[in-house]
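One structure is given here, and the rest of the page talks about it.
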Amino acid sequence: MSDYQHYSAADFLADESFVNYLLQQNEADTAMWKERLATGQVQQAELQRATELFFALRTQKAIPVDKQAEQEKLRQLITSHSAAQRDTGGNTISITRRRSVALRYAWPAAAAVLLILGATWYLMKAGKRPTNAKDFVAFAATKKDIQRVTLPDGSEVILNGNSSISLAPGFNKDKREILLTGTAFFEVARNPEKPFTVISGKVSTTALGTSFYIHQSSNAAPTTVSLLTGKVLVEVEGQPSVHLVPYEQGVYHHEQELVKSTYDKDMLINWTKGMVVFNNANWVQVKNIIEEYFDKKLVIDNYKKDISFTGAFKADQLESILSSLEFTYDLKYTINNQTVNIAF
């Protein structure tokens, strides 16, 4: 009988019955592994790593499902990742390959028109003189993609999935003004003569040369401005302005007061590299990360126990994260538009 307490992640993934359990393809194997989990026969940390690696690689279409030839490919993939696992002390599994990013006017013409009309509407609502719609330049990222955009002034923007920016007319002449919908990270080219301002809903963020992150959710969640380097001024009409220094964030929730707090800079740095990393995360931390970086509302129905979830995933792999949680903690998830439901 195998000693599953001493199995490595590679051992688990080389076991055909375990792969059948992950894929829910064989009732006997599924029942057997559930029994082993329930009775503590397995090494939980290595099993979790194996589960995370399996779904991360499968999401990249590196693992077709159930042929013997594919098992050998899987073993080769495991071997290729083993050195990376050792380098991180075996605590996380890093899948760092990103799809190539490019500057693009990404959405169809109809979406571009909506972006332009939205920018014009915002300026009219804010009491500014409306500008001819054709003068706006819009950039967008598709729903499941992350895009890097270089602006005319040399500033860099990382757009999260389903997010967009619109450059105001005359950008980089006397000033640099951008309208943001969604979530983005800005690395601003320094130019004290031309302030760089990002308008996201009612929140206005101004910098001279710095790097910061703005999250504006579609789920009525707070708008968050997180500063990584430099200094920014965050303003909400009718409220005192807030100055941020590195590793501080300003949070505005609808009509409530703009408040200042600190944040986990490592999470932000990982996200700019295309990764979402969990380090012994409990349910509250998992919920916050999913809602922040994937713009989803996470609803947990009657969860029975807390968790200690560790793993590294590509920043566009929500379903890989959820699948790993599902098989590790024996839960079920469903995605309905902007809501993720988890039930036990």
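Read-outs throughout are calculated quantities, based only on the coordinates presented, and are distinct from any laboratory measurement. Bear in mind the structure is a predicted one, so any value in this text is a computation, not a measurement. Reconstructed Cβ throughout: ideal geometry from the backbone, glycine too, with neighbour counts over all protein chains shown.
Worth a mention:
- Ordering of 165-175, 193-203 by packing is 193-203, 165-175, highest average first (other Cβ atoms within 10 Å, averaged per residue).
- Highest-first packing order for the peptide set 19-30, 226-237 is 226-237, 19-30, based on the mean count of other beta carbon atoms within 10 Å.
- Net charge of Cβ neighbours under 14 Å - reference Q285; Lys, Arg +1; Asp, Glu -1: -4
- With a simple spin-label model that places each label point 7 Å from the Cα along the Cα-to-Cβ direction, the separation between S261 and K173 comes to 4.2 nm.
- Overall form of region 152-222 per C-alpha gyration tensor (a/c, 1.5; a/b vs b/c): prolate
- Cα centroid of region 5-28 to Cα centroid of region 166-222, whole Å: 48
- Gain upon complete extension [E193, T334; 0.36 nm per residue less C-alpha separation]: 45.8 nm
- Residue pairs exceeding 32 angstrom between C-alpha atoms, taken from K265/K296; K175/K265; K175/K296; K231/K273; K175/K287; K194/K260: K175/K296; K175/K287.
- Per-residue packing, averaged as other Cβ atoms within 10 Å, sorts the ranges 320-333, 34-47 into the order 320-333, 34-47, beginning with the highest.
- Gyration tensor (alpha-carbon) shape descriptor, region 280-337, a/c threshold 1.5: rounded
- Shape class of region 6-52 from the Cα gyration tensor (axes a ≥ b ≥ c, square roots of the eigenvalues): oblate, since a/c reaches 1.5 or more and a/b does not exceed b/c.
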